[in-house]
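Novice: Have a look at this one.
The values are calculated or read from the model by the stated rules, or taken from the named source; none is laboratory data. Small disclaimer: the values here were computed from a predicted structure and weren't measured. Methodologically, a virtual Cβ is constructed for each residue, glycine included, from the backbone with ideal geometry; neighbour enumeration extends over all protein chains shown. Note: areas computed on protein heavy atoms with side chains; ligands, DNA, RNA excluded. Shrake-Rupley method; radii C 1.70, N 1.55, O 1.52, S 1.80 Å.
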Amino acid sequence: MLNKLRLLTPGPTPLPEEVRLALAKDMIHHRKRDFVQIMERIQPGLKYLFGTAQQVLPLSCSGTGAMHAAVTNLFAPGEKVLVVEGGKFGERWREIAQARGLVVTSLVLENGQAVAAEEVRAALTADPALCGVLVQASETSTGVLHPVHELGQVTRDKDVLLVVDGISAVGISPCPMDAWDIDCLLTGSQKGLMLPPGLALLALSARAWDKVRSVGPTDFYFNLLAERDKSLGHQTLFTSPVNLLQGLAVSLDLFKEQTLEAVYAKQWALTSMARAGATSMGLELLATTHFTWGLTAIKLPTGIDGGEVLKVAAERCGVVMAGGQGELKKSLVRLGHMGHVDWSDVLAGLYALREGLHAAGGYCAARTYLEDAASAYAEALRDGCPEYRA
Ligand SMILES: *Cc1c(COP(=O)(O)O)cnc(C)c1O
């Protein structure tokens, strides 16, 4: 192996050494004192990360499991929900809701487009039976950031629940649950949290808990009321991925030390860097105005095979990036810059992208793309990230 492996995908993401060492600890028993101590230790860190005073529940599943848990606990079959379908993960919300027997109205967006809060308001006004809005904070398949803060104002006015898949946003870009009136916020371990896959986290607002009580438990494994009771006693319903929780404790300590503000500023600077580098190479970006801070979706010139670009980048440069999903599979490269990555990884990603493009027969315009990327990074760090009201 001549190259270092650089995992620049939108999950799983590279792990810091501190986390890897925590994962290697001896097994402990999930009903004994050592485990209780971990559960006690993670709760304040989770509340800080989510921006909430509510209990944040660890669930033993991938991120999709938490999406399923949210839908089955918050809504009864026959209820109506509005789904923002801006890509593959919006589609997933619809599929989960339909599997639960919900009546779904979809706002289908073009690839690369964010939902407009006014569109959501209009849809809720047109059908007062809609009792929830399901959306991604960051649509990972297209690299779009939806305006969750504005959606929170709409759903609060309309007395409708706002359910947010924050899997590629939590710990990456601002998504403060309480301040933004989010009723359900969930994430998975393998994206911003710098952990292996297999653990999900979910929190509900007070009015969402009221709704869960009125629906009543119907899912044996994902029984959030029972899980919450356990969690208040620093326990979990079933045998948890103990090692992941040990890793989580360390990851949360890192967020606390670094502060969320500094992490967001870094993510913003990495995003600026990736965008400037790709643009300078003569490539177009899929999301032009509302883009996420943990990955950059880059369009490939027509006729270039994305599979070949990724193959060369991985084999020649050691950089693993992702293609598009669904119909975008071959026409997109998604350069991930979430989790434990820094400026040098993004520079490597841009270089590998150019190598891949070159091998696949693509034209590469500017020779200064790495310098342009580095300047954009420095400028973004100096100017700071866009403000948000926490
Ligand atoms: C990764 C991701 C998922 C899927 O998570 P799994 O852990 O694979 O189940 C869902 N939504 C978004 C926005 C994601 O980025």
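Novice: Whenever you get a sec, compute what percent of the accessible area on the chain sits on carbon and sulfur atoms (1.4 Å probe). Walk me through the numbers on the way to the answer.
Specialist: On the way: 8360 of 15870 Å².
Summing carbon and sulfur atoms, their accessible area is 53 percent of the total for the chain.
Novice: Per residue, what accessible area does the chain have, given a 1.4 Å probe and all protein chains present, in Å²?
Specialist: Details: 15870 Å² over 390 residues.
Heavy-atom accessible area per residue stands at 41 Å².
Novice: If you plug each phi of the stretch 45-60 into the Karplus form 6.51 cos²θ - 1.76 cosθ + 1.60 with θ = phi - 60°, what whole-Hz ³J(HN,Hα) values come out, in order, with x for Gly and Pro?
Specialist: With coefficients 6.51, -1.76 and 1.60, one gets x, 5, 5, 5, 4, 7, x, 9, 8, 6, 5, 9, 9, x, 10, 8 Hz.
Novice: Grab the DSSP H runs of the chain that are 4 residues or longer, score each as -39,500 (n - 2.57), total them, divide by all residues and round the 222 nm result to the nearest 500 deg cm²/dmol.
Specialist: Value at 222 nm, helices only: -14000 deg cm²/dmol.
Novice: Cα convex hull of the stretch 69-221: mean projected area in nm², to one decimal?
Specialist: Hull-based average projected area comes out at 8.3 nm².
Novice: Taking a probe of 1.4 angstrom, what is the accessible area of residue 182 in Å², to the nearest 10?
Specialist: Here the residue's solvent-accessible area equals roughly 0 Å².
Novice: Okay, moving on. Taking only Cα atoms, what is the 0 to 90° angle, nearest 10, from helix 242-258's long axis to the longest principal axis of the chain?
Specialist: Tilt relative to the chain: about 70 degrees.
Novice: When the solvent-accessible surface of protein heavy atoms is calculated with a 1.4 angstrom probe, in what order do 329, 230 fall, highest first?
Specialist: 329, 230
Novice: Taking the 0 to 90 degree range and rounding to the nearest ten, how far is the long axis of helix 206-215 tilted relative to the main principal axis of the chain, both from C-alpha atoms?
Specialist: Relative to the chain, helix 206-215 is tipped by roughly 60 degrees.
Novice: Add +1 for every Lys or Arg and -1 for every Asp or Glu among the other residues with Cβ under 11 Å from the Cβ of residue 223, and state the total.
Specialist: Net local charge, residue 223 excluded: -1.
Novice: Please report, to one decimal in angstroms, the Kirkwood hydrodynamic radius of the chain built from all distinct Cα-Cα pairs.
Specialist: 21.3
Novice: Any idea what angle helix 260-280 forms with the longest principal axis of the chain, computed on alpha-carbon atoms, 0 to 90 degrees, nearest 10?
Specialist: 40
Novice: Follow-up. Distance between Cα centroids, the stretch 318-390 to the stretch 216-241: provide it in whole Å.
Specialist: Here the answer is 40 Å between Cα centres.
Novice: Arranged from highest to lowest average of other beta-carbon atoms within 10 Å per residue, in what order do the peptides 334-346, 107-119 appear?
Specialist: 334-346, 107-119
Novice: Something else: Under the rule a/c < 1.5 gives rounded, and otherwise a/b versus b/c splits prolate from oblate, where does the stretch 275-390 land using the Cα gyration tensor? Could you put the intermediate results ahead of the total?
Specialist: On the way: a/c = 1.72, a/b = 1.47, b/c = 1.17.
In terms of gyration-tensor shape, prolate.
Novice: I need the Debye-formula profile for the stretch 158-240: one equal scatterer per C-alpha, no solvent, reported as log10 I(q)/I(0) at q = 0.11, 0.16, 0.19, 0.23 1/Å, two decimals.
Specialist: For the stretch 158-240 at q = 0.11, 0.16, 0.19, 0.23 Å⁻¹, log10 I(q)/I(0) is -0.33, -0.71, -0.98, -1.26.
Novice: Ordered by residue, what ³J(HN,Hα) values in Hz, to whole numbers, does the stretch 107-118 give under the Karplus form 6.51 cos²θ - 1.76 cosθ + 1.60, where θ = phi - 60° and Gly and Pro are x?
Specialist: Once θ is set to phi - 60°, the couplings for the stretch 107-118 become 9, 8, 10, 6, 4, x, 9, 8, 6, 9, 4, 5 Hz.
Novice: What pairs from 80/299; 256/299; 4/88; 158/266; 191/330; 4/191 go past 26 Å between their alpha carbons?
Specialist: The pairs that break the limit, which is 26 Å between Cα atoms, are 80/299; 256/299; 4/88; 158/266.
Novice: For the peptides 244-257, 315-328, what is the packing order when you average, over each peptide's residues, the other Cβ atoms within 10 Å and list the highest mean first? Before the final figure, lay out the partial values.
Specialist: Values: 244-257: 20.4, 315-328: 18.1.
The most tightly packed comes first, giving 244-257, 315-328.
Novice: Taking the Cβ of residue 53 as the center, what net charge do the other residues with Cβ under 10 Å away carry, scoring Lys and Arg +1 and Asp and Glu -1?
Specialist: Details: positive: 47; negative: 178.
It works out to a net charge of 0.
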